[in-house]
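J.: One structure, as structure tokens, below. Some questions next.
Readers should treat all values here as calculations from the given coordinates under stated rules, not as data from a laboratory. Everything quoted here is computed from the prediction, not taken from an experiment. All Cβ positions, even for glycine, are placed from backbone atoms using ideal geometry, and neighbour counts span all protein chains on display.
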């Protein structure tokens, strides 16, 4: 007799076994996919949870750092101070509470002046300090700064186009003297830009860095925005006159300050003489001399050292000068423009104003290269120097033939 629990054995065909095996494989794959999706979902949730936690901690730290500092009164009451405000980057200089308007001072021949106290970031003296001026070759301070910030290497080279010299001659621009087809290093172009105020160097740097002067000028105007300048716009790299190429004495002072904060720019702006590398066109190199330091030593004002600067001149801009000076632990930038006499007016204006306002001035008088003495500043005394006081190394003769220097 058969047990009721006994079932007859059934035999599957090979085809049926394959079907069952395939069904089992599909079932396992579905389970694996489901497990994978669950794991991925869990990991994503964990990741976003960590990110949210980190952001929350960061925000709490930031809020904590910006919270008012707390002090406790004698009564035990907690008193909150005013919020701590972080110093604005490239903050525009304020006008000092003790600002001196020098408009009525006969000693100062320049029509537009701004004297910036670098330490305090305040304009402490001036006249028409926020009036538009034509910067002439003071422009090249911005050209220098932008070039240095955008050069990949000071050893990069550029070949001067043969037609460049003749074009600049027609424009009456000053040049460093590089020859057509001469291959020059970026470093030599930088010194040629500032010391002899070479427009050939300015265009060479622009072409090397940006491919054209027009494209490089875009970088210059972008730098104006970065420095928060209020009324400056450039259309060329050299300062050749254009109605749309302008700045203000205060804006120009900011540009000079920024340049002197860059070590490479500072070194170039502070150099008296420099010899370029030997090339086929100039086997012994070019001897470059600073227009600024050929007109002053920089130590004429006792207690004050003029460490760097840039001259400029066009008929429309008049004689211009931007200088950086130190006195004791203080630093100053002075911008003068539209001096309509000789370049000596801008030089003596600088001496007079540094002597009058620099904290470290010793009051011993100012001795010029020629031996002429400018007495201690006195608004009632005219301390301008006669043209005959210029020394034999002056560049006045060449200046008459060069409208941009």
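J.: For the residue pair residue 51 and residue 30, what label-to-label distance in nm results when each label sits 7 Å from Cα along the Cα-to-beta-carbon direction?
T.: Going from the residue 51 label point to the residue 30 one covers 3.4 nm.
J.: Still on this model: I'd like the FRET efficiency for residue 18 and residue 44, computed as 1/(1 + (r/R0)^6) with the beta carbon distance as r and R0 of 51 Å, rounded to 0.05.
T.: Values: r = 39 Å, r/R0 = 0.76.
E(calc), rounded to 0.05, equals 0.85.
J.: Over region 189-244, what is the mean sequence separation of C-alpha contacts under 8 Å (at least six apart), divided by residue count, expressed as relative contact order in percent?
T.: Numbers: 49 pairs, mean separation 16.0, N = 56.
Reported relative contact order: 29 percent.
J.: Report the relative contact order of region 251-375, percent, no decimals, based on alpha-carbon pairs under 8 angstrom and at least 6 residues apart. Before the final figure, lay out the partial values.
T.: Working: 207 pairs, mean separation 27.0, N = 125.
For region 251-375, the relative contact order is 22 percent.
J.: So between residue 149 and residue 307, what do we pick up on full extension, going 0.36 nm a residue minus the alpha carbon distance? Before the final figure, lay out the partial values.
T.: Numbers: separation 158, 0.36 × 158 = 56.88 nm, distance 2.12 nm.
So the chain would gain 54.8 nm between residue 149 and residue 307.
J.: Please quote Rg/Rh for region 95-401 to two decimal places, taking the Kirkwood radius as Rh and restricting both calculations to Cα atoms. Can you show the working numbers first?
T.: Details: Rg = 18.5 Å, Rh = 19.3 Å.
Answer for region 95-401: 0.96.
J.: Still on this structure: What whole-number distance in Å separates the alpha-carbon centres of region 177-199 and region 102-134?
T.: 32
J.: Highest mean first, what order results for 32-40, 98-106, 297-305 on Cβ atoms within 10 Å? Provide the component values of the computation, followed by the final result.
T.: Working: 32-40: 10.0, 98-106: 13.7, 297-305: 18.7.
In descending order of packing, they fall as 297-305, 98-106, 32-40.
J.: Take the Cβ-Cβ distance between residue 277 and residue 96 as r, set R0 to 45 Å, and report the resulting FRET efficiency rounded to the nearest 0.05.
T.: Values: r = 45 Å, r/R0 = 1.01.
According to the calculation, E is roughly 0.50.
J.: Still on this structure, please answer the following. Given contacts defined as C-alpha pairs under 8 Å and at least six residues apart, what's the relative contact order of region 95-401, whole-number percent? Numbers along the way, then the final one.
T.: Working: 670 pairs, mean separation 64.7, N = 307.
The value is 21 percent.
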